[in-house]
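Visitor: For reference, the structure I am asking about is given below.
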Amino acid sequence: MNNRRAAFWLLYLPPVAWLGLFFLAPLLLMAAYSFRANMRGELLQWFTPTVAQYQSLWTAGGGSYIRLLGISAGMALAVAASATVLAYPLAYFLAFRAGRRAGLFLAVLLVPFWTSYLLRVMAWKFLLGSEGGINSLLIYLHLIAEPVTALLYNRTAVVITLIYVWVPFSALPILAALQRVDPALFEAAADLGAPPARQFLRIALPLSMPGVLAAFFMAFIPTVGEYVTPLLIGGSSGSMYGNIIQDFFTKSTDWPLGSALSMVMLVGTLALVAVALRFIDVPRLIE
């Protein structure tokens, strides 16, 4: 018994210590900084807590920070929903139609993971640019006379790029859920006269909903605070909430306000997830 308990603690403590040191500690430090008035003095000195930073979120620019958070949440919703919808046919094909070549097709799906995230984003910048592939094709087909500049440096370009980024990620949890579906269920439904569309709606889709929800939230939560793609693709017209936070931590060196913005985003995102889960019977879906 003592050996088993010692082995348990030996395996349990390192990941807990790692999680506490590199996740919980920075999160708590950021929460503490959000109640600091300014950055005067030492970095870790004692200070008198204040809610001035949170008050400024509602007063500065007529609530522009909160409005930008709402825009970013709407963009994240569009990205997550689109990526999930586009990823579902891929996952369904790999699970039920690919056959022996499923491993090969899965490797092809994962090819983007083998390249740098920045390279993939920059590829879309070149594709959507004035001299990029889309404009070159449209000019070649004589559909336009001059390059269309509206394809780049706006929020639409950011959404398109992020959908591309998240489709492979979203396909993986859906694929995992579909692979747990017993093929005998489809055979039984076919014997009872159910057409393929009805088999999908009554068997595959309900049983894969845990994977669909996981794919949605896996794309939604990081996208709310995204800042790299809007910086490269969106420009000044495609900025998101994460870009404002980055500016306060890097350019303005206003860590308290940046921390307050981060905490509001964290709480807001968790609240949206909590509300969504309140309307979804998760235990029933997992069964």
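Visitor: Taking the stretch 173-224, which trypsin sites (Lys or Arg not before Pro) meet the DSSP loop condition and have no more than 14 other C-beta atoms within 10 Å?
Guide: Of the trypsin sites (Lys or Arg not before Pro), the ones in loops of the stretch 173-224 whose Cβ has at most 14 other Cβ atoms within 10 Å are R180.
Visitor: Give the span of the chain's Cα atoms along each principal axis, as three whole-Å numbers ordered largest to smallest.
Guide: In descending order, the Cα extents are 79, 74, 35 Å.
Visitor: Separate question: Given a Förster distance of 51 angstrom, what is the FRET efficiency for S116 paired with T48, based on the Cβ-Cβ distance and rounded to 0.05?
Guide: After rounding to 0.05, the efficiency reads 0.70.
Visitor: Still on this structure: What spacing in nm lies between the two simple spin-label points modelled at T250 and W58, each 7 Å away from Cα in the Cβ direction?
Guide: Once both label points are built, they end up 3.1 nm from each other.
Visitor: How do the peptides 215-222, 3-10 rank, highest first, by the average count of neighbouring beta carbon atoms within 10 Å per residue?
Guide: 215-222, 3-10
Visitor: How would you order 114-124, 232-242 from highest to lowest mean count of nearby Cβ atoms within 10 Å?
Guide: 232-242, 114-124
Visitor: Here's another thing I want to ask about it. In whole Å, how far is the Cα centre of the stretch 79-114 from that of the stretch 144-174?
Guide: 18 Å
Visitor: When W46, W18 are ordered from fewest to most other Cβ atoms inside 10 Å of their Cβ, what list results?
Guide: Listing W46, W18 from fewest to most nearby Cβ atoms yields W46, W18.
Visitor: Tell me, what ³J(HN,Hα) does each residue in the stretch 126-138 have, in order and in whole Hz, if you take phi through Karplus 6.51 cos²θ - 1.76 cosθ + 1.60 with θ = phi - 60° and put x for Gly and Pro?
Guide: Result, ordered by residue: 5, 5, 8, x, 4, 10, x, x, 5, 5, 5, 5, 5 Hz.
Visitor: Taking only C-alpha pairs under 8 Å that are 6+ residues apart, what is the relative contact order of the stretch 74-286 in percent?
Guide: So the answer I get is 27 percent.
Visitor: Could I ask something else about it? Relative to 2.2 N^0.38 Å, what does the C-alpha radius of gyration of the stretch 17-176 come to as a ratio? Two decimals please.
Guide: Here the Cα radius of gyration is 1.49 times the empirical estimate.
Visitor: Sticking with this structure for a sec: Based on the Cβ-Cβ distance from L201 to L27, what FRET efficiency comes out when R0 is 35 Å, to the nearest 0.05?
Guide: 0.25
Visitor: Highest mean first, what order results for 19-29, 49-59, 72-82 on Cβ atoms within 10 Å?
Guide: Those peptides, ordered most packed to least, come out 72-82, 49-59, 19-29.
Visitor: Let me ask something additional. Order of E226, E187 from fewest to most other C-beta atoms within 10 Å?
Guide: Listing E226, E187 from fewest to most nearby Cβ atoms yields E187, E226.
None of the figures in this text is laboratory data; all of them are computed from the coordinates on show. Every value quoted in this text rests on a predicted model; they were computed, and no experiment measured them. When we count neighbours, we look across all protein chains shown, and the Cβ atoms used for this are built from the backbone with ideal geometry, even at glycine.
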